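To start, the structure under review is shown below, and the notes come after it.
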Amino acid sequence: MGYTHNTAMSQFIPPNACSFSAGTWTPTITSDVPSLVRTAADTDHTIIIPLNVPSNSAYREGSCIATVDVFYKVATADLTAVTPKVEHVTLTADVAAVTGAEETAVTYSAIASARITQASHTLTMTFTTPPWLSNADAYYLDILLDTGASAVFTFLGARINYTDRR
């Protein structure tokens with residue numbers, strides 16, 4: 001059997017594969033592009049994006065996440081804030097509690113003020129030290145949004161860029 005080491009893998013995560021808190025999110029297709037559109041309302045809400053790529057119990061095999069790109073559009077008014085955060089969940093054996101912690105060794109493209117303007121955006125999250133996912137790891141990218149009273153937020157999906165080794 002051969003050996004695979006591919007550093008150019010990517011996995012698209014469609015909007016409907018994510019979880020959303022608060023408000024009304026409407027599945028929409030505009031110009032042949034599926035999305036979820038958040039009705040304008042002054043509230044805080046979160047998009048939870050699962051970073052699902054193959055994991056492996058063997059050391060440095062499976063997937064190593066390098067970056068995640070989040071695609072979205074802001075219309076009618078600027079947002080108040082867009083705050084990304086990576087959660088690392090450790091899956092445990094029977095009777096042990098599953099635990100989670102914020103992954104702080106990450107950087108994000110664009111300064112916070114540039115993420116909120118009325119435009120199409122690609123927010124890129126980069127791991128400082130890319131993690132190899134074991135079968136005890138799960139990662140999520142949370143996007144915390146403060147939309148203001150009249151901003152319309154359109155979520156188009158995300159893309160995980162990773163290395164596959166087996």
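For the reader, a short list of remarks on this structure follows.
- Residue in the range 78-90 that is in a loop (DSSP other than H, G, I, E, B) and modelled with pLDDT of 90 or more present: no
- Within the range 144-166, considering residues that are assigned to a strand (DSSP E or B) and in contact with a Lys or Arg (Cβ under 8 Å, 6 or more places away or on another chain), the one farthest from residue 66 (Cα to Cα): 152
Here's the yes/no breakdown for (1) touching a residue at least 60 places away in the same chain (Cβ under 8 Å); (2) within 18 Å of residue 83 (Cα to Cα); (3) exposed (fewer than 13 other Cβ atoms within 10 Å of the Cβ); (4) touching a Pro at 6+ places or on another chain (Cβ under 9 Å):
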{"position": "9", "(1), (2), (3), (4)": "yes, no, no, no"}
{"position": "13", "(1), (2), (3), (4)": "yes, no, no, yes"}
{"position": "31", "(1), (2), (3), (4)": "no, no, yes, no"}
{"position": "35", "(1), (2), (3), (4)": "yes, no, no, yes"}
{"position": "44", "(1), (2), (3), (4)": "yes, yes, no, no"}
{"position": "53", "(1), (2), (3), (4)": "yes, no, no, no"}
{"position": "62", "(1), (2), (3), (4)": "yes, no, no, yes"}
{"position": "69", "(1), (2), (3), (4)": "yes, yes, no, no"}
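- If the condition is being touching a residue at least 24 places away in the same chain (Cβ under 8 Å) and either hydroxyl-bearing (Ser, Thr, Tyr) or surrounded by fewer than 18 Cβ atoms within 10 Å (Cβ to Cβ) (or both), then the range 108-120 contributes 108, 112, 117, 118, 119, 120.
- Those residues of the range 111-136 which are over 11 Å from residue 79 (Cα atoms) and either assigned to a loop (DSSP other than H, G, I, E, B) or in contact with a Leu (Cβ under 7 Å, 6 or more places away or on another chain) (or both), in sequence order: 111, 125, 128, 129, 130, 131, 133, 134, 135, 136
- Test: residue in the range 36-57 that is out of contact with any Gly (no Cβ under 6 Å at 6 or more places or on another chain) and at positive phi: no
Here is a yes/no grid of residues against (1) surrounded by 14 or more Cβ atoms within 10 Å (Cβ to Cβ); (2) within 16 Å of the chain's Cα centre (by Cα); (3) without any contact (Cβ under 8 Å) to a residue 60 or more places away in the chain; (4) on the phi < 0 side of the Ramachandran plot:
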site: 106; (1), (2), (3), (4): yes, yes, yes, yes
site: 129; (1), (2), (3), (4): no, no, yes, yes
site: 141; (1), (2), (3), (4): yes, yes, no, yes
site: 145; (1), (2), (3), (4): yes, yes, no, yes
site: 156; (1), (2), (3), (4): yes, yes, no, yes
site: 160; (1), (2), (3), (4): yes, yes, no, yes
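The values are calculated or read from the model by the stated rules, or taken from the named source; none is laboratory data. Keep in mind it's a predicted model, so treat the numbers as computed, not measured. A quick note on method: Cβ atoms are made from the backbone with ideal geometry, for glycine too, and the neighbour counts reach across all protein chains shown.
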